[in-house]
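Q: Below: one structure in structure tokens.
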Amino acid sequence: MSRSTVNRVLLGLAGVLLLAGGALVLAGGLDLYGRLGVRMPHWWPLTSPDQPVLSYASRTRWSGEAWWWPVVFAVLGLTVAGSLWWLFAQVRRSGPGSVTVPVAAEGVRLRVRSRALADAVETETVALPEVVRVQARLTGRPKRLLLRAAVRLTPDGDPATAVDDFHAGPLAHARTTLGRDLPTDLRLQVARPPGPRREASRRVV
């Protein structure tokens, strides 16, 4: 699962929880149940403006148990650790921000953004026959780069032909631009046809 997918899932869950909690507090604070004549169950939280968020019985229900406080501190510690891990994961780069490109001028060093090189690979790959969608990115260290590319083909696409076209076109041009070899992790997926599903294939170039 990619970082952007994890972020969307976490933010979506947090948004749903905050929205539900805010709606409960708002409904109870504005006495919407009483105004609308709706009778809620006895266990329903915040049914009137005078009712606290947590009753005294709820706050002290397990406080006398020996396991209560260790569990509370453990849950809080895990929450803080998970939040810090997520924060540092957003800051940490998954690959180099820029790469060095050789030029003819002596004594000149040209650096381009790795995202720009990945975009060039995507633009050239999506123009290949039978290619529907492509995602590419550079990972690893500046001296040990790795190109990761995920290519989606049409239902009648031929993976072998796609690999040959990718190797002779976008990958060859990227290696020429860098002036060195560029190991590549290429993932091919054939779009699902109307009939039986075809499995995705993976090839390292």
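The values are calculated or read from the model by the stated rules, or taken from the named source; none is laboratory data. Since we're looking at a predicted model, the values are computed, not measured. As a convention, Cβ positions derive from the backbone with ideal geometry for all residues, glycine included, and neighbour counts pool all protein chains shown. Surface areas here come from the heavy atoms of the whole protein model, side chains and all, with no ligands, DNA or RNA. Shrake-Rupley method; radii C 1.70, N 1.55, O 1.52, S 1.80 Å.
Q: What share of the DSSP beta bridges in the chain is antiparallel, in percent to the nearest 5?
A: Counting only bridges with both partners in the chain, antiparallel ones make up about 70 percent.
Q: Would you kindly state how much longer the chain becomes between Ala191 and Asp158 on full extension, computed as 0.36 nm times their sequence separation minus their alpha carbon distance, in nm to one decimal?
A: Here the answer is 10.8 nm.
Q: Pick from Asp165, Asp181, Asp31 the residue whose mean-square fluctuation is largest in a GNM of the chain, springs joining Cα atoms under 10 Å.
A: Greatest mean-square fluctuation among the candidates belongs to Asp31.
Q: Here's something else I'd like to know. From the backbone phi of segment 44-49, what are the Karplus-calculated ³J(HN,Hα) couplings (6.51 cos²θ - 1.76 cosθ + 1.60, θ = phi - 60°) in whole Hz, Gly and Pro given as x?
A: Result, ordered by residue: 6, x, 6, 9, 8, x Hz.
Q: Which option, (i) 27.5, 83; (ii) 16.4, 49; (iii) 17.4, 59, is the value of Rg and Dmax of the Cα atoms in Å that was calculated from these coordinates?
A: Evaluating Rg and Dmax of the Cα atoms in Å on these atoms matches (i).
Q: Rounded to the nearest 20 Debye, what is the dipole magnitude of the chain about its Cα centre when Lys and Arg each give +1 and Asp and Glu each give -1 at the C-beta?
A: In debye, rounded to 20, the chain gives about 460.
Q: Let me ask something additional. What ranking of Trp62, Trp86 comes out by heavy-atom accessible area, probe 1.4 Å, highest first?
A: Trp62, Trp86
Q: Counting helices only, and only those DSSP H runs with n ≥ 4, report the 222 nm mean residue ellipticity of the chain as the sum of -39,500 (n - 2.57) divided by its residues, in deg cm²/dmol to the nearest 500.
A: Calculated at 222 nm, the ellipticity per residue is -13500 deg cm²/dmol.
Q: First check a/c for segment 1-100, with a ≥ b ≥ c the square roots of the eigenvalues of its C-alpha gyration tensor; if it is under 1.5, answer rounded, and if not, answer prolate when a/b is larger than b/c or oblate otherwise.
A: oblate
Q: Averaging sequence separations of C-alpha pairs under 8 Å and six or more residues apart, then dividing by the length of the chain, give the relative contact order as a whole percent.
A: 12
Q: Can you put Arg148, Arg187, Arg39, Arg133 in order of accessible area, largest first, using a 1.4 Å probe?
A: Ranking Arg148, Arg187, Arg39, Arg133 by accessible area, largest first, yields Arg39, Arg133, Arg187, Arg148.
Q: Using R₀ = 35 Å, calculate the FRET efficiency as 1/(1 + (r/R₀)^6) where r is the Cβ-Cβ separation of Val71 and Asn7; round to 0.05.
A: That gives a FRET efficiency of 0.75.
Q: Pick from Leu26, Leu147, Leu110: which is most flexible by mean-square fluctuation in a GNM of the chain where alpha carbon atoms under 10 Å apart are linked?
A: Leu26
Q: As I understand it, the dipole of the chain uses +1 on the Cβ of Lys and Arg and -1 on the Cβ of Asp and Glu, about the Cα centre. Which of Thr154, Ser58, Ser98 lies farthest toward its positive end?
A: Result: Ser98.
Q: In terms of solvent-accessible area of protein heavy atoms at a 1.4 angstrom probe, what is the ranking of Leu11, Leu87, Leu171, highest value first?
A: Sorted descending by solvent-accessible area, the residues read Leu11, Leu87, Leu171.
Q: How much area per residue is accessible in the chain when the probe is 1.4 Å and only protein heavy atoms are counted (Å²)?
A: In whole numbers, the chain has 71 Å² accessible per residue.
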